[in-house]
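Have a look at the structure below before the remarks.
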Amino acid sequence: MSSIFISHSSSDNAIARELERRLERQGHASVFLDLDPEKGIVGGQSWERTLYRKIRACRAVIALVTDDYVKSHWCFAEIALARMEGKFVFALKVDPLSPDTRMPSILTEKQYIDLRSDPEDGFNRLWRGLRRVDVLGVKGEWDPKESPYLGFDSFQEKHAPLFFGREDEARAGVEMLERGSPGLIMTLGPSGSGKSSLVRAAIIPRLRRLEDRWLVVEPFRPGRDPFAALASALFDTFRRYAPDAAKSIGNAERLAERLRAGRGESQTQGDGEQVSESADDRPMRDDERVRRLMVQLAELKESSAPADPDDPFVNFLDWTIEDLRKMTDLPVRESRLSASGAATALIDVANDLRRLSDRNDARVLVVVDQFEELLGEGAAASDAEIFLRFLRESFEEADSPVVILGTMRSDFLGLFQRHPVLRGVDYESLSLGPMSTQGMRRVIEEPAKLGAVELEPGLTDRLISDTETPDALPLLSFTLWVLWRDFGDDRLIQLSEYDELGGLHGAVVREAEALVSRGDKDALRRAFLAMVRLDDNGRFSRKAVAWDSPDLVPVHPLLEQFVARRLLVVRSDGDTRIVEVAHEALFRTWRLLRDWLDQGRSEVLLTQQIARDAIAWEESDHEKDALWRGTRLLQARELLKRKKLDGIDKEFVKKGLQRERLIKGSIFGTAAVVFVGLGALTTYAFNAKQEATASALAAQMAEREMSNTYEEMVTKILPVVRPKQAAPGPISVDKSVLQLSPTLEHASFGESLAILGRYGAGRVLAVAHDSFVAEEPGDNRLFLDFGLKWLTVGTGVRDVLYTIGHCETVSESGNPATRIAVTTIRDLGYSVASIQDLAQLDVRDSTGVVLIVGNAWAAFAEAEIDAVGEFVANGGRLLLVGLEWSWDQYRHPGGFDPCRFNPYSASRSKETERYPMNALGRQFGITYEPGTIVLD
C-alpha cells in the first residue's frame, strides 16, 4: 500500500514530480502519483475507482494547492474523501496561486504550508509533520542489554520500538479513530493475537505524536472495581499532561468518588483557575433537582427577558439564581447537562484535562484493555453494568470529547452484542486475523537487529514453519526470549540451540518442569486450579486471583520463580496484588498442567457455579429459596471443608448448610416424638437405618448431579468441537445441537447433531460425524472426556471397546484425522481393546463398559445387532459415530472404500443398499440422515 498520496492538478505535473523526488530522498519510497508509469494509473483502469482505492489505502495526502487545483472539482473530491477516511492532509501552497484565490473550505489554516516565499523552510515543516503523524512507522532505539523479546508479557508503550508485524492494523486503527465517529472502537481477535500489544505499543504511540488532536488516558483493565481502575488511569494521565495542575484534582481515590457519583463539576477559585472538586465537598451538590432548577431559571430568563434590564421579573430571576449558586457553589452550565439531566463525570474530567493541558480541541481517548472483564466475572455483574452504562453515556453525549478504545477476545463478541446495556450501540471493530508470513518474519528478525543479535540463516524459516496455528504467536515470543536469555551472550542464536530447547512447545515445558521439581507438586496443582475458569464453551481461560489467596500462599516462593520466568504475571488491582497465568497457551503446551486441569474440571465448574449463585443470592437480599440444597450443597460442603471458599461464596454455602440442618432437625424431631416409647435401642436402630437410607439417597443424587453436569458440558462442547471439513461437504444442524432423552425407547425429537439418552439399564450417545472419536489434535479430547464420563458415571468402570472388521472409517490405521483416538482415551484413564465379532460381546456383565462403533460401512450380522441391543439393555454403554451423507455419496462402485484401508476388513465389502449404522441404531430409535440424526 502507498503511504503517501499526492493530490494535484494535471497542470502541475512538474511540481508533483519534484515533490515525489524530495519525498524519496527523505525515505518515503511508498508514494502514489497518478502520472508515475510504474505506480500510477495504467491504461485500461478506471481512474476514478483507482484514485478512490489509493486514497483509502494511503496514510497521508499531500495536496499541491494552485489556482488550477482550487478550480478542479475532482481535486476537491480527493481531499473530501481523504478527510472522510480520516487521512492526514498537508496542503502545500505553490505557484501559480493568486493572492485572492479562495482556499477549499474543508482545509483548515493549520494544514497549509506555504512553499512560495521560503521553499526549504516549508519542506522542513512538511518533513516534521510527516514524522509527527508517523507515516514511516514507530521507530526508536533499544538497549542491547535488554531482551528484545518479551516472552509471554504483553507489549507496553515503552516497547513500541520492538513491535513489528502489525503495522497495517496499527495504521488502520489510527485512521478509524481519526474519522471521529462512532465513539466506540473495539479491537477484536482470538487469544494470542496481540490485541493489547497492538493498542499499547502501536496505536497509542502514534496518537501521542498527534499532540493537538489526542489526549490518551493511560490504558487500564476494569478488574474488580472498574471505577477505581479508571480513576487511577485518569490520575496518571493528569500527571503526564498537566503535572503542575494535577494537585488540583486531589488523588485517585477522590477522583474515583467523583466518577461514582455519576457526574463531576468544577469551581472557580481566587485567581480564576478552575479546579475539580469531589461531590462530597458541597452538601447540595448531588441534588439533581437543584441543578435542573438553576438551568430552567436561566433558560427562562434568556427566553423571556424584556427590553428593560431593570425589569423586576429579571431581577427576581437573577437573585434566585444567585442564591442557588451560592448555596451549591455550582455554576450554571447548560452545555454540561445531558438529556437525562446531567452529563457523566467522565465528560467533566475530560474537559478539565483538556483545559489544564491547554489542548481544548483534543479528543480524550479512554483505553479499556480486556473489555470482556465487564461482561463476565471480572467485576460484580451490577457494578459492571453501572460502569458500562456510564461509559456509553459518556461517549454518546452530544459534543462529548470522550472516545472509547477497547480490546476484547472475539469469542466474547456475541455476549457484547447481547448485553442489555450495549444492545444497539454504534461501534466499529478492528479485527486481528492470523499474522502473515512476512509479518512473522519481521516479528523474529527486526527485534534481533535492535538487540544486536544475529540469527543463524534458516532459523527464521524454521520458526515460521513451526508456528502452525494462529495462537502460536505467544509461544514464538516466549521461545525467542528463552533463546536470547540462554544463548544470546555471544550475540548469535543458532538452529542447534533452538533444537536443544525442543522447539516452540519444548521451551515452555522445559521452563515449567524445571520449577515443578523444586516444590510441592500437589500444592502447586491447587494454586493453578485457583487461577483458571471455564468459559461457556467448556474451555479453560485464565483468572486473576489475589496473591494472598489461601491456595497460593503455601507456594509463594515457587510462584515467584514462575513470575521470574515469565510464566505468571503479577500486577496491582487497587491495593491488591494480583497474579495470573501469563498466557493461555500454557494450558495447551504444558502437559502436566493440562492433566491437572482435566482432573480438576468438575471442581472448577462447581466453584464457578457457587460464585454465580452466591451473587444472585446476595442480590435477592438473601432470599432463602436462592440457597443450594441436596447434592450440590453436599459437594459445596466438601470445598468448604478444604477451605476452598471465602467471602460471599463461603457465606452462601454456610447459610445453605444451616438451612439444611434446620429442615432435617424438624423432620427428625417429629420422628423422635413418635418413637419415644420404643426405647434407646429401637431409636438407635431407626436412626442408623435412616442414616443408611440417607447415604444411599445422597449417592443417587450425587450420581444424578454429576450426570447432569456432564450432560451440560457435552452440550457446550459439541458446537466447539464440531469439525469444519473432516470430509467433503458441510455439517448442518437443523434444529438443535443436542437432544436429551430419559428413555430412548419412547422418545420423539427432531433433527440434531447428537443424541444422548438412556436405554434399559444402559446409556447411548450418538453423534453425526466420525471425527469426534479420531486422534486428530484439537478439542476432540474435551468431547471424549465428558462423553465418556457421562456414559460411565456412577459405575466405576473404565473399560472401552472399539469395533474393527466392519470397514470403519475411523480405525486403527490411517492418519490422525481417521485413526481412532486410542492414545487419547488411554490418557484419560481408560483401558482400551478392540472387538471384531460383536456377537461375542459379554452381554451379562456389561455394566459401565463402553462400546465405540466408528462409522461402519460394512453390514452387521443380525446376531451382532441383537447382541449390541442386549449389551446396552443390561447396563452397557454405546457410543455411535456416523456420517451418513459420506456413505451415501461414495457407496457406489468406484467411490471411496474404507474396506481397502482397514487390514481387518480386507475380506469385507461396503454395504451399498442400507447405511449399516442405521441397522445398528434402529433398535434405539436412532436414524442417521445427511449431516444430522433423527430420533424416531
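The values are calculated or read from the model by the stated rules, or taken from the named source; none is laboratory data. Fair warning: this is a prediction, and the values are worked out from it, not measured in the lab. Using ideal geometry, Cβ is built from the backbone for each residue, glycine included, and neighbour counts are taken over all protein chains shown.
Inside the range 548-571, residues that are at pLDDT 90 or above, over 24 Å from Trp481 (Cα atoms) and surrounded by 18 or more Cβ atoms within 10 Å (Cβ to Cβ) make up a count of 2. The set of residues in the range 52-75 being at pLDDT below 85 and either assigned to a helix (DSSP H, G or I) or loosely packed, with under 15 Cβ neighbours inside 10 Å (or both) consists of Tyr52, Arg53, Lys54, Ile55, Arg56, Ala57, His73, Trp74. Taking Ser541 as the residue in question, decide whether it is free of Cβ contacts under 8 Å to residues at least 12 places away in the same chain, more than 14 Å from Trp596 (Cβ to Cβ) and not in a loop (DSSP other than H, G, I, E, B). Taking the combined requirement at face value, the residue does not satisfy it.
Here is a check on your reading of the model: is Leu81 at pLDDT below 80, out of contact with any His (no Cβ under 8 Å at 6 or more places or on another chain) and under 24 Å from Leu126 (Cβ atoms)?
Numbers: at pLDDT below 80: no; out of contact with any His (no Cβ under 8 Å at 6 or more places or on another chain): yes; under 24 Å from Leu126 (Cβ atoms): yes.
No: the conditions fail for Leu81.
Scoring Pro447 on the criteria (1) within 30 Å of Glu497 (Cβ to Cβ); (2) part of a strand (DSSP E or B) leaves a single failure, condition (2).
Within the range 846-865, the residues that satisfy the criterion of being surrounded by fewer than 17 Cβ atoms within 10 Å (Cβ to Cβ) and touching a residue at least 24 places away in the same chain (Cβ under 8 Å) are Thr847, Ala863. Of the residues making up the range 392-409, not a single one is in contact with a strand residue (DSSP E or B) (Cβ under 9 Å, 6 or more places away or on another chain), over 22 Å from Leu207 (Cα atoms) and surrounded by fewer than 17 Cβ atoms within 10 Å (Cβ to Cβ).
The number of residues in the range 109-124 being at pLDDT 90 or above, assigned to a helix (DSSP H, G or I) and out of contact with any Lys or Arg (no Cβ under 7 Å at 6 or more places or on another chain) comes to 5. Would you please name the residue that is nearest to Leu605 (Cα to Cα), looking only at residues in the range 522-547 that are surrounded by 14 or more Cβ atoms within 10 Å (Cβ to Cβ) and of a type in the set (D, E, K, R)? Taking the candidates together, the pick is Arg533. If you go through the range 582-625 and keep only what is within 30 Å of Leu150 (Cβ to Cβ) and among the polar types (S, T, N, Q), you end up with just Thr589.
Please specify each residue of the range 162-198 satisfying the condition of being under 15 Å from Leu473 (Cβ atoms) and of a type in the set (S, T, N, Q).
Within the range 162-198, the first condition is being under 15 Å from Leu473 (Cβ atoms), and the residues that meet it are 162-166, 169, 189-198.
Result: Ser191, Ser193, Ser196, Ser197.
Could you go through the range 93-106 and let me know if any residue there is buried (at least 17 other Cβ atoms within 10 Å of the Cβ) and either touching a Leu at 6+ places or on another chain (Cβ under 8 Å) or assigned to a helix (DSSP H, G or I) (or both). Yes, some residue in the range 93-106 is buried (at least 17 other Cβ atoms within 10 Å of the Cβ) and either touching a Leu at 6+ places or on another chain (Cβ under 8 Å) or assigned to a helix (DSSP H, G or I) (or both).
For Ser831, are the conditions met, namely being free of Cβ contacts under 8 Å to residues at least 40 places away in the same chain and touching a strand residue (DSSP E or B) at 6+ places or on another chain (Cβ under 7 Å)? Even if it seems obvious, please write down each step before you answer.
Values: free of Cβ contacts under 8 Å to residues at least 40 places away in the same chain: yes; touching a strand residue (DSSP E or B) at 6+ places or on another chain (Cβ under 7 Å): yes.
Criteria met by Ser831.
Conditions (1) in contact with a helix residue (DSSP H, G or I) (Cβ under 7 Å, 6 or more places away or on another chain); (2) part of a helix (DSSP H, G or I); (3) more than 27 Å from Thr467 (Cβ to Cβ), marked per residue:
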site	(1), (2), (3)
Ser197	no, yes, no
Arg200	yes, yes, no
Ile204	yes, yes, no
Leu207	yes, yes, yes
Glu211	no, no, yes
Glu218	yes, no, yes
Gly223	yes, no, yes
Ser232	yes, yes, yes
Phe238	yes, yes, yes
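Filtered by the rule that a residue be at pLDDT 75 or above and surrounded by 18 or more Cβ atoms within 10 Å (Cβ to Cβ), the range 125-141 gives Leu126, Leu130. Residues of the range 385-422 that are more than 11 Å from Glu372 (Cβ to Cβ), in contact with a Ser or Thr (Cβ under 9 Å, 6 or more places away or on another chain) and polar (S, T, N, Q): Ser394, Ser400.
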